[in-house]
Amino acid sequence: MATREGALGRAGRFFDEGGFQDLLARLVAIPSTSQEAEHAPALRRYLEEGIRPWLERMGFAISLHENPEPGFGPILMATRIEDPALPTALLYGHGDTVAGLDAQWSEGLKPWALTDRGDRWYGRGTADNKGQHALNLAALEAVLAERGGRLGANVKLVLEMAEERGSKGLRAFVAAQAEALKADALIASDGPRVEPGLPTIATGTRGTWHCDLVVKLREGGVHSGHWGGLTTDPAVVLAHALSTIMDRDGKILVRGWLPQGGAQGGVPAAVRAVLEGCPVGGGDGAATIDEGWGEPGLTPAEKIYGWNSFIVLAMTSGVPANPVNAVAPDARAHCQIRYTVDSDPGTFEAALRAHLDAHGLRHVRIENAFVRMPASRTAPDHPWVRWAQNSMERSLGGRVQIIPNSSGGLPGDVFVDHLGVPLVWVPHSYNGCKQHGPDEHLLKAPAREGLLAFAGLWWDLGEPGTPGR
């Protein structure tokens, strides 16, 4: 007789006996980076060879689509419909990765080969996102095997190959396929847990707004001896501009940029409540949680899950690698705001312009302002979120932390805007996984928990008690 415990047992044995490691090794070996043109053929190969045969064995109907945006990777859509009247979950993932950065990996490690070392698997895509969507699909396969090929629910999947280039084309694709992708909830995985040992559900993601701050005063550099002290140094002006935007302790001074959802501005009460007692941790040692940095009065969890952050991503004046004795003609900083849905990015540029002007910094231009990825959020107490939390806690035998949105960005807004689905993100990685740098890895313990958690979710999806059933 098929049982929930039997399904979780199948999933656990698949992991413990090396089945998942072998699967992940095959996927990592396909160099499907969307950031290196020479690997463009591998984007389609990942879908055709790595994913399609697997999905077909599970009974999915599959279609492969060209990206609506020319020059970006294809998109796979798969559907497994047992009965249109049954609950339908929509899965999302991306099979593209950032650049391999082959020469930068530690000795004995390579981006396109899975390496087993201790408590982790190394390889490009292990954490972002091959390992994560593979865990979810492997869990589905275990449940189908336990139930004799029937789930008791419907599953749809969108797997894109351009997420690491801003998910170009995904919005247009989902809009065009809205009827075919209709679902009750998006349940998918990407990003980190709040800390490695604490299973997490995120109900959205922060958005990203970018701009360049530019001070250009002349066409070329001028001799530092003849003109230094007489002509304005654009690097100094730009540094002063940045100091008016954020103080020396990381507090944002352009207050019009900040979340406005609280009773008197600030973190909304519902967000603050769900983050009470939420830990933050699991870095790789390269970064620290510095007491006193950021908005005063907020906990670390509120700072990254309920607040906005301002970051200078790059900054130049002159040629740092080859300085000359000249007052540079210009200075430039590329800046980013990570923002929650409680802020309106449409006001960011105007607020910054007014702020700079008020400080006498009219020479500082704002260029190339744009939203790279909008913010999204489902209410943390939504029935689908609480259903998922209860299911995971039953499977894992412990606490599952809900956060209102992850600290990074994902295209959840696309699915909210065009499908109206609640968002249930269940990350299987952690902050120290080095997902965009050399030595990317997946921790085995959270991965195994993720496999069991999704086996429970798939089982429960086919049982009474699913929201709306």
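Worth pointing out:
- Test: residue in segment 409-422 that is in the same structural domain as Ala379 (by the TED database), in contact (Cβ under 8 Å) with a residue 60 or more places away in the chain, open to solvent by 20 Å² or more (accessible area, probe 1.4 Å) and under 28 Å from Leu101 (Cα atoms): yes
- Residue list for segment 7-34, restricted to those being hydrophobic (A, V, I, L, M, F, W, C), closer than 15 Å to Gln132 by Cα and either loosely packed, with under 15 Cβ neighbours inside 10 Å or out of contact with any strand residue (DSSP E or B) (no Cβ under 8 Å at 6 or more places or on another chain) (or both): Ala11, Phe15, Phe20, Leu23, Ala25, Leu27, Val28
- Options Thr231, Thr203: the member that is of a type outside the set (Asp, Glu) and either within 23 Å of the chain's Cα centre (by Cα) or surrounded by 18 or more Cβ atoms within 10 Å (Cβ to Cβ) (or both): Thr203
- Evaluated against (1) surrounded by fewer than 23 Cβ atoms within 10 Å (Cβ to Cβ); (2) in the same structural domain as Gly118 (by the TED database); (3) closer than 28 Å to Lys182 by Cβ, Ser395 falls short on exactly one condition, (1).
- Residue that is farthest from Leu238 (Cα to Cα), among those in segment 304-343 that are at pLDDT 95 or above and among the charged types (D, E, K, R): Arg338
- Residues being over 24 Å from the mean Cα position of the chain (by Cα), modelled with pLDDT of 95 or more and assigned by the TED database to the domain that holds Leu217 are represented in segment 367-379 by at least one member.
- Residue check for Ala175: closer than 25 Å to Glu449 by Cα, touching a helix residue (DSSP H, G or I) at 6+ places or on another chain (Cβ under 7 Å) and among the hydrophobic types (A, V, I, L, M, F, W, C): no
- Checking each residue in segment 434-469 for being open to solvent by less than 40 Å² (accessible area, probe 1.4 Å) and farther than 24 Å from Ala2 by Cα picks out Gly437, Pro438, Asp439, Glu440, His441, Leu442, Leu443, Pro446, Ala447.
- Considering residues of segment 73-100 that are open to solvent by 50 Å² or more (accessible area, probe 1.4 Å), touching a residue at least 40 places away in the same chain (Cβ under 8 Å) and of a type outside the set (Asp, Glu) only, the residue nearest to Gly169 (Cα to Cα): Ile81
- Filtering segment 117-163 to residues that are assigned to a loop (DSSP other than H, G, I, E, B), in contact with a strand residue (DSSP E or B) (Cβ under 9 Å, 6 or more places away or on another chain) and of a type outside the set (A, V, I, L, M) leaves Asp119, Gly123, Arg124, Gly125, Thr126, Asp128, Asn129.
- Counted residues, segment 197-237 - those being part of a helix (DSSP H, G or I) and either more than 12 Å from Ala331 (Cβ to Cβ) or touching a Leu at 6+ places or on another chain (Cβ under 6 Å) (or both): 5
- Within segment 206-220, considering residues that are of a type outside the set (A, V, I, L, M, F, W, C) and more than 20 Å from the chain's Cα centre (by Cα), the one least open to solvent (accessible area, probe 1.4 Å): Asp212
- Residue tally, condition free of Cβ contacts under 8 Å to residues at least 24 places away in the same chain, under 24 Å from the mean Cα position of the chain (by Cα) and surrounded by fewer than 21 Cβ atoms within 10 Å (Cβ to Cβ), over segment 42-70: 4
- His363 open to solvent by 90 Å² or more (accessible area, probe 1.4 Å) and under 30 Å from His223 (Cα atoms): yes
- Meeting the requirement of 2 or more residues that are of a type in the set (S, T, N, Q) and touching a strand residue (DSSP E or B) at 6+ places or on another chain (Cβ under 8 Å), no strands (runs of 3 or more DSSP E) wholly within segment 330-442 can be named.
The values are calculated or read from the model by the stated rules, or taken from the named source; none is laboratory data. Everything numeric in this text was worked out from a predicted model, so none of it was measured. Ideal geometry is used to build each Cβ from the backbone, glycine not excepted, and the neighbour counts take in all protein chains shown. Ligands, DNA and RNA are excluded from the accessible area calculation, which covers all protein heavy atoms including side chains. Shrake-Rupley method; radii C 1.70, N 1.55, O 1.52, S 1.80 Å.
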